[in-house]
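Quick note: the coordinates plus some simple rules give every number you see, no bench work behind them. All figures in this text were calculated on a predicted structure; none of them were measured in a lab. Here the Cβ positions follow ideal geometry from the backbone for every residue, glycine too, while neighbour counts run over all protein chains shown.
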Amino acid sequence: MERRRLGSAGPEVSAIGVGAMSFGGFYGPTTEADSHALLAAALDFGIDHVDTANVYGMGVSESVIGSFLRGRKGPPPFRIATKGAITRDAEGRRRFDNSAAHLAAELDASLKRLGVEAVDLYYVHRRDPAVPIEAVAETMAGLVKAGKIRAVGFSEIAPSSLRRAAAVHPVAAVQSEYSLATRSPELGLVQACEDLGVALVAFSPVARALLTDSPPTPERAAASDFMASNPRFSPPNLAANLAQTERFRRLAADRGTSAAALAIAWLLARSPSVIPIPGTRSVGHLKQLAAGAELELDASDIRRIEAALPVGWAWGDRYSDEQSVGPERYC
């Protein structure tokens, strides 16, 4: 599999990684054995980057990865990324805490669950507007100096915030939603990452299954807490989005590949700084996603893909008002 770098001075990783939110049950019921099988398959497919967070299943995802690592001999086979900064107040409401004490304490808990002394990449999961990002970068630099993290990342920040943080300490990666359905990173974030030598780690690269051969049905969407309240998966938008993406599925079939593989290949072709991290509970789906890293697209392929799904094709915002709290809006 192709290799890409987590930051200009960071480690090389597989061109796609595994997004481990599914290990915590976000996309539906799963078991530790299922997640372990997925991790083993990832290694078989040449994938050596896994991305998790303290809040994925409230520690479950990290614990599952940790138990997988404990069952193997030798050093960890994955470059591991995790995140901190999302928490709950006394009333159970979600809030963001970028204080040095909180980030350090959450990192220590993550390291314990993962069973490692350091992680390759630690993200500030959401910005706390009460704390200047320069101060947050200083905190993260201290964690690097302490040997607990090897590189610094931020999730869902604006290009201007990235430049401010990078002026204090090198930033290895920014994580943002990016796919044929969500192209806002092209309005400054892709460019800033390329300028600064920062990896753009793209989550939801197949648009939460809209860009696959098995897109969500209305029944599946209604059964998901996230999708049921997300504009793109609510009536009448879901029906429109399913109709729109059918052209893309036919294009993939005509090319002899899966829609998921073609979506990954398109994203990898956008910029050498992009590293998609699809999430799935299925080994079969992971195989399709990994195949996208082996597809080579030429200019005519790109034109056909973007004719099928031109910029702005998706019906509905990517997040509801409640889901939009936290990510920085920059365009």
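Descriptive notes on the structure:
- Dipole size of the chain about its Cα centre, with +1 on Lys/Arg Cβ and -1 on Asp/Glu Cβ: approximately 200 debye, rounded to the nearest 20.
- Rounded if a/c under 1.5, otherwise prolate or oblate - the range 12-54, Cα gyration tensor axes: oblate
- If you take all other residues with their beta carbon under 13 Å from the beta carbon of Q323, and give Lys and Arg +1 and Asp and Glu -1, the sum is 0.
- Comparing Cα centroids, the range 24-64 and the range 90-109 end up 22 angstrom apart.
- Whole-Hz ³J(HN,Hα) from phi, Karplus 6.51 cos²θ - 1.76 cosθ + 1.60, for the range 220-228, glycine and proline x: 5, 5, 5, 7, 9, 4, 5, 5, 4
- Seen against the Cα atoms of the chain and their longest principal axis, helix 237-254 is set at about 80 degrees.
- Peptides 19-28, 234-243, 91-100 ranked from most to least packed give 19-28, 234-243, 91-100, packing being the mean of other C-beta atoms within 10 angstrom over each peptide's residues.
- Residue-by-residue Karplus 3J(HN,Hα) for the range 171-188, coefficients 6.51, -1.76, 1.60, Hz, glycine and proline x: 9, 7, 8, 10, 9, 8, 5, 7, 6, 4, 8, 10, 10, 4, x, 6, 9, x
- As a rough footprinting exposure proxy, the listed residues E328, E138 were ranked by other beta carbons within 10 Å of their own, and the order from fewest upward is E138, E328.
- Placing a pseudo-label 7 Å from each Cα along the Cα-to-Cβ vector at A223 and Y330 gives an inter-label distance of 3.8 nm.
- Sorting 154-163, 181-190, 78-87 by average packing, meaning the other beta carbons within 10 Å per residue, from highest down gives 78-87, 154-163, 181-190.
- Simple label model, 7 Å out from Cα along Cβ direction - V283 to A130, nm: 4.7
- Inter-centroid distance (Cα atoms) of the range 260-331 relative to the range 183-249, Å: 7
- Candidates E134, E296, E246: whichever shows maximal mean-square fluctuation once the chain is modelled as a Gaussian network with Cα springs under 10 Å: E296
- Each label was represented as a point 7 Å from its Cα along the Cα-to-Cβ direction; for A33 and M58 these points are 2.6 nm apart.
- In the chain, Cα pairs under 8 Å separated by at least six residues give a relative contact order of 19 percent.
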